[in-house]
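The values are calculated or read from the model by the stated rules, or taken from the named source; none is laboratory data. It should be emphasised that the depicted structure is a prediction, and the values quoted were computed from it without experimental measurement. Side chains included, ligands, DNA and RNA excluded: accessible areas come from the protein's heavy atoms. Shrake-Rupley method; radii C 1.70, N 1.55, O 1.52, S 1.80 Å.
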Amino acid sequence: MKLSQASIFYRQLIRLLPLLLIIALAWRYFWYLERTAVNIPYHDDILDILQLMSALVRADNWQDSLLAFFNQHNDHRTTASRVFVYAAYLVQNEINFRTLSILANLAILMILVLLYIRIRQQQYTWLLLLPVALLLFQFRAFEIVLWAQAALAYFFVFLYGFCCIYALHNITAGRFALAIVFAVLTCFSLASGQLIWLLGLASLLHQSLTYKKVSAGYALCWAVIAALVLTLWHWNMVDVTASREGSAFLTDKTVGLSLFAVAVHNVHFFLVLLGSAVTSTSTLAASIAGAVLLSVLATVSISSCKDSDIRLELCSWYLVFSAAAIAVGRGKFFLADYALSSRYSIPSLLMFACVWLLIALRVKKYQPLILALGVVLAGIYSVTSYRTYPALLQTSVNSRIKLFNQGQHPVMLQDASATVREATALGIYNPPPSPQPLCHINQHPIALRAVSPQPPN
């Protein structure tokens, strides 16, 4: 009897082992962020956070305050991120970029929870989810994980989009209203978030036309609201890309390229970006990976078009459309290798995670073996990433610290120290003591030991 109880205990322990590993991966990721994050603004942190807060403090009426939230930033409307920042300011009574950076990364954890909700009825739930955690809780996106403004935009535009698609599943009036809220938040996080209205319409049409259980009125209402919100989004919007110079792609020799050549370039840029999670150096490897991901998704989507639950497929297509939007916006200014930039790897990482789940959910024969293989491959990727990117993250953070210690706050080759000083004088931002020590953390993939920080150079 005791042997039988011990056998049951070990069986349960083995079943829960993937969950324990997922918790350990998340803990380590946020441990590293907590050790590395600094309360120092970086580029758009100054333009889109400190300037916003200073404008709110100086505003004479509620109309000026509302306009400050709505104002254009580059080619985006970042109202959702600004509301998040303002809420954090009300709680802490100051802007703390260290706190904002860590809070922004919680979006990754919440996306993992959403993916769990989709697969929670499966037999090997945690084993299915473990490769996803190995893909997401690492530092391929090192350029933005501790860049508060960028992290809030790039992480939450996908979290809000996924939440919108989930809310539209098995639609009711209440869920429809919630989906509208998430769609607006998505739209006002990044310019690419506007595409969520298209995916939402696809979800409603699928439920209406395939199962005849949902009124077509939902789709019509969704289209009308989308038109109104997008009209508001584009109101008084200025095309800032028209004034950009120094493009690596639009040089004197390439301006006259045919539309076909430009289209080929944009497609290549898109495929590289979509597959960029696998490499930071090879456009060929990334474009092949992107093409494979797109092919698998198209095949799975065709086979599941009559399924009742296509949330995961719609989330994946939202990632594809977002990558395409980035390619259109950035491809006209840069060569394809720019798509390998760490800051643009988020849709690729999420795409790999979603496609993995789409494949794993359909594999019935030898499923435990396939799932184990997925864990091994994702584990190799995670270990390789931890041996490569944390060092680059520390280099990036340390360069920020060095500039801060020199009293410099550069933004687009210009000094924005005046904006930082104004926010400091208004009590919005309390800079840390200077000089700040540089960040030095042991890079071994197993060890979790912080060494004593060294004095700045």
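Close amide H pairs (under 5 Å, H built 1.01 Å from N) link Val411 with Ala416, residues at least 5 positions away or on another chain.
Based on DSSP H segments of at least four residues, each scored -39500 (n - 2.57), the chain has a per-residue ellipticity at 222 nm of -22000 deg cm²/dmol. Accessible area per residue for the stretch 21-148, computed on protein heavy atoms with a 1.4 Å probe, is 39 Å². Distance from the alpha carbon centroid of the stretch 16-50 to that of the stretch 71-97 works out to 18 angstrom. When the surface is traced with a 1.4 Å probe over the full set of protein chains, His268 keeps roughly 70 Å² accessible. The Cα center of the stretch 132-171 and the Cα center of the stretch 366-381 differ in position by 24 Å.
Number of Lys-Lys pairs in the chain with C-alpha atoms under 21 Å apart and a separation of 8 or more places or on different chains: 4. With the convex hull drawn around the C-alpha atoms of the stretch 309-382, the volume per residue stands at 94 Å³.
Can you tell me what the convex hull of the Cα atoms of the stretch 27-92 projects to on average, as an area in nm²? Before the final figure, lay out each step's value.
On the way: hull surface 22.6 nm².
Seen from a random direction, the Cα hull of the stretch 27-92 projects 5.6 nm² on average.
Only Cα pairs under 8 Å and 6+ residues apart enter the sum, and on that basis the relative contact order of the stretch 332-448 stands at 23 percent. Using alpha carbons only, the radius of gyration of the stretch 77-152 set against its Kirkwood radius gives Rg/Rh = 1.08. Close amide H contacts of His73 (hydrogens built in the peptide plane, cut-off under 5 Å, sequence separation of 5 or more or a different chain): Thr78. For Ile95, the residues 5 or more places off, or on other chains, whose built amide H falls under 5 Å of its own are Tyr429, Asn430.
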